[in-house]
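In what follows, a structure is listed as structure tokens, so that the remarks can point back to it.
The values are calculated or read from the model by the stated rules, or taken from the named source; none is laboratory data. Since we're looking at a predicted model, the values are computed, not measured. When we count neighbours, we look across all protein chains shown, and the Cβ atoms used for this are built from the backbone with ideal geometry, even at glycine.
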Amino acid sequence: METFVIQFIHGLVYGLLLFLVASGLTLVFGMMSVLNIAHVSFYMLGAYLSYTMFKVMGNFWLALIICPIIVAFLGILMERFILRRVHAAGHVQEFVITFGILFALNEAIIWIWGSENLSVPVPSALSGSLLIMGNIYPAYRLFILFFSLFILALLAFILMKTRLGITVRAMVSDRDMAEALGTNAPFVFMLVMGIGSWLAGLAGVIAAPFLGISSGMGLDFLTDCFIVTVTGGLGSLWGAVVASFLIGQLSSFGILFMPRFAIVFGFLLMAVVLVIKPSGLFGEKA
């Protein structure tokens, strides 16, 4: 039972970290119908920026505030000057250009920071451990868990209770009707791209002390983000929540019981869901 509880918490931590990245990806797709492959490079960029910020200022909490804002600004610039120009050209062009941006950002990161693995120390306030059912569990992982839950609650509040959230949900549900009623679609797109990039940068900052920093961390996350987006339903935030939870648990218990096959469990889940419901768990568009 003790092992089960610890593995369950492991799965929650990884699943919620995955949600922070995948939620921005699924929001952008739901509104703009753009599968932004470059999204995971913002996650990686957030981690590398936190490394530099910590070296310069020696403060993890400042990095947690400033780095996601920088990443959000870059996401807004990408939407305004690149994606907006090719949006009318079709999905193939959007896919190709975001794939190109992903590799360009990866190469730029290697050129600036090098290809060696880097690390950001856990903040001193969270460097201890807690006793959970007789097992010692790192306090920083619990911080990731509760911080991610806070961000999830904040997103839910914004989407369900604010004017911005109503506008976003209207654009996801029926973009043409929302525009006909006077919604400034380009501004909303740009804002959602900024929020999605901010979430990815935030995930990168908090993942740096947990998973480490490497030039391949974005591509490593790309597969799981794709599985979450498709399994949960394209454009569904609640689908991303449920799918992230499932992928986190499959990864955690898969490594414990069947480590050789753990990597395929996510694909099996996606295949089963798509066979039963091609639009995904919460998707409305087939």
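Which residues, counting only those in the range 151-167, are modelled with pLDDT of 90 or more and either among the charged types (D, E, K, R) or loosely packed, with under 11 Cβ neighbours inside 10 Å (or both)? Spell out the reasoning first.
We begin by selecting, within the range 151-167, every residue modelled with pLDDT of 90 or more; these are 151-154, 157.
Those that are modelled with pLDDT of 90 or more and either among the charged types (D, E, K, R) or loosely packed, with under 11 Cβ neighbours inside 10 Å (or both): Ala153, Leu154.
If you go through the range 1-38 and keep only what is modelled with pLDDT of 80 or more, closer than 12 Å to Met193 by Cα and not in a helix (DSSP H, G or I), you end up with Asn36, Ala38.
Ser244 fulfils the conditions (1) at pLDDT below 90; (2) part of a helix (DSSP H, G or I); (3) among the hydroxyl-bearing types (Ser, Thr, Tyr) except for a single criterion, (1).
Quick grid of which residues meet (1) crowded, with 19+ Cβ neighbours inside 10 Å; (2) more than 20 Å from Glu107 (Cα to Cα):
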position	(1), (2)
Thr26	yes, yes
Ala38	yes, no
Ile65	no, yes
Ile70	no, no
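Just give me the residues in the range 108-137 being among the polar types (S, T, N, Q) and more than 18 Å from Ala207 (Cβ to Cβ), in sequence order. Before the answer, list the steps.
Residues of the range 108-137 among the polar types (S, T, N, Q): 115, 117, 119, 124, 127, 129, 135.
Selection gives Ser115, Ser124, Ser129, Asn135.
Restricting attention to the range 119-144, the residues being touching a residue at least 12 places away in the same chain (Cβ under 8 Å), surrounded by fewer than 17 Cβ atoms within 10 Å (Cβ to Cβ) and aliphatic (A, V, I, L, M) number 5. Of all the numbered requirements in (1) in a helix (DSSP H, G or I); (2) at pLDDT 85 or above, Ala170 misses one, and that requirement is (2).
Got at least one residue in the range 119-141 being in a helix (DSSP H, G or I), among the aromatic types (Phe, Trp, Tyr) and more than 30 Å from Gln7 (Cβ to Cβ)? For the range 119-141, residues in a helix (DSSP H, G or I), among the aromatic types (Phe, Trp, Tyr) and more than 30 Å from Gln7 (Cβ to Cβ): absent.
Conditions tested, residue by residue: (1) among the small types (Gly, Ala, Ser); (2) out of contact with any helix residue (DSSP H, G or I) (no Cβ under 8 Å at 6 or more places or on another chain); (3) more than 16 Å from Asn36 (Cβ to Cβ); (4) buried (at least 17 other Cβ atoms within 10 Å of the Cβ).
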residue: Asp174; (1), (2), (3), (4): no, yes, yes, no
residue: Trp198; (1), (2), (3), (4): no, no, no, yes
residue: Leu219; (1), (2), (3), (4): no, no, no, no
residue: Gly233; (1), (2), (3), (4): yes, no, yes, yes
residue: Phe253; (1), (2), (3), (4): no, no, yes, yes
residue: Leu256; (1), (2), (3), (4): no, no, yes, no
residue: Phe261; (1), (2), (3), (4): no, no, yes, no
residue: Ala271; (1), (2), (3), (4): yes, yes, yes, no
residue: Leu281; (1), (2), (3), (4): no, no, yes, yes
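If you check Leu219, Leu234 for being over 30 Å from Met160 (Cα atoms), at pLDDT below 90 and of a type outside the set (S, T, N, Q), only one passes: Leu219.
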